[in-house]
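All remarks here apply to the structure that follows.
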Amino acid sequence: MTKTADLAVYQQDMSKLQSIFDLWRFSVSALQQADVYFGHGTDNAVSEAQLLLAHVCHLDFNQLQQFGAAQVLDSERQQLQQLLQQRIEQRVPAAYLTGTAWFNGIPIMVDERVLVPRSPIAELIAAKFAPYVSQPPQRILDLCTGSGCIAIACALAFPEAEVDALDISNDALEVAEANILAHGLGDRVVPMWSDLYSAVGGMRYDLIVTNPPYVDAQDMADLPDEFHHEPELGLAAGDDGLDLVRSILREAPEHLTEQGILICEVGNSMLAMQQEFADVPFTWLQFSQGGDGVFMLSRADLLTYQPRF
Ligand SMILES: C[S@@+](CC[C@H](N)C(=O)[O-])C[C@H]1O[C@@H](n2cnc3c(N)ncnc32)[C@H](O)[C@@H]1O
């Protein structure tokens, strides 16, 4: 028989844990002991445990504290133990276990057909892209939309704007469409199959926002297990991570209005960009809530440096 001491925390008998605070503490210990990777919506065990526990107790994330002393049901305790098991043994990101990710406080339905939303671009959208955007954009393009999180957040930030949400994955587009409809944005946000700009012809946008695949070959080989639950199509982008970004840069001027701008996330591939395009005046954006590797470039600069891309 296995001795209790040999069991991992999440495998222990939980029946004596009565309150939400008991289960919360237990979950934090289990996640920390298992050394899971954080970075798909949270960056620590306390918040990750909070997400899982709020989900099984049918409470909002911020309500756990308020009801911390309340007793849990047996069914809630059992469901939490199952989720911890999947999180720890299979390294499934918490957002796939709960079915929801939060982007700028907006709930986005997710499953393994789309990346878990986590782009620092959320912070730019919350600030309505100030100071780079002074007039509310009329037409916005979310290139590589995935779950539709950026398109939806943009549409909510700019209630007059029309947003096209493009992706090459039909699986992702199904999720994006469900999210768009869930937020009542079916009349302003249009999901479309497209290989980069292929579906939009000569259409021009005031703002192109994109979080394309940008993980280089070395980083792909080193990714923690959690990332292997995400579609590879949303991550891998060749040896230096810039396969798609080069095309996005080259073709952007043909899809931007005169005063239009491109906002693009390249994550760790920022270094490769800075080396390859040392002469290009990218504005690398700062984030108070963490994250980097996002640049802004105006249509005028995109045109000037087009031959370089
Ligand atoms: C990094 S994910 C971003 C998803 C979402 N915008 C977000 O921020 O969470 C990149 C997305 O690009 C899509 N994609 C990959 N290659 C593409 C291409 N050639 N044209 C359009 N979309 C592409 C993938 O299917 C994936 O959904």
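Laboratory data are not the source of any read-out in this text; all were calculated from the coordinates shown. It should be emphasised that the depicted structure is a prediction, and the values quoted were computed from it without experimental measurement. Please note: Cβ atoms are built from the backbone with ideal geometry, for glycine as well, and neighbour counts cover all protein chains shown.
Assorted remarks:
- Calculated on the alpha-carbon coordinates, the convex hull of segment 212-261 measures out at 83 cubic angstrom per residue.
- Protection proxy ranking of 184-191, 140-147, 71-78, by the mean of other Cβ atoms within 10 Å over each peptide's residues and highest first, is 140-147, 184-191, 71-78.
- Packing-based ranking of 6-14, 263-271 yields 263-271, 6-14, ordered from highest to lowest mean Cβ neighbour count within 10 Å.
- Residue-wise HN-Hα coupling along segment 119-125, computed from phi with Karplus coefficients 6.51, -1.76, 1.60 (Hz; x: Gly, Pro): 5, x, 4, 3, 5, 5, 5
- Ellipsoid fit via the Cα gyration tensor, segment 153-309: semi-axes of 24, 22, 15 Å, each the root of five times an eigenvalue, largest first.
- Projected label distance in nm at Y132 and S47, using a 7 Å step from Cα toward the beta-carbon: 2.2 nm
- Each listed q (0.26, 0.33 Å⁻¹) maps to a log10 I(q)/I(0) for segment 60-104, found by the Debye formula over equal Cα scatterers with no solvent: -1.05, -1.07.
- For the chain, the equivalent ellipsoid built from the Cα gyration tensor has semi-axes of 39, 21, 16 Å, listed from largest to smallest.
- Between S29 and D60, the FRET efficiency from the beta-carbon distance, with R0 = 30 Å, is close to 0.80.
- Gained length - D111 relative to R250, 0.36 nm times residue gap less alpha-carbon distance: 46.8 nm
- Segment A199-A178, length gained on full extension (0.36 nm per residue, minus Cα span): 5.5 nm
- Charge dipole (the chain, unit charges on Cβ, about Cα centre) - positive-most of A272, W284, L64: L64
- DSSP beta bridges in the chain [antiparallel fraction, %, rounded to 5]: 40 percent
- Computed label-point distance, nm, for sites A69 and L7 using a 7 Å Cα→Cβ extension: 2.9 nm
- Radius ratio Rg over Rh of segment 17-70, counting only Cα atoms, Kirkwood formula for Rh: 0.96
- Cα-Cα separations in segment 4-98 greater than 18 Å, expressed as whole percent: 37 percent
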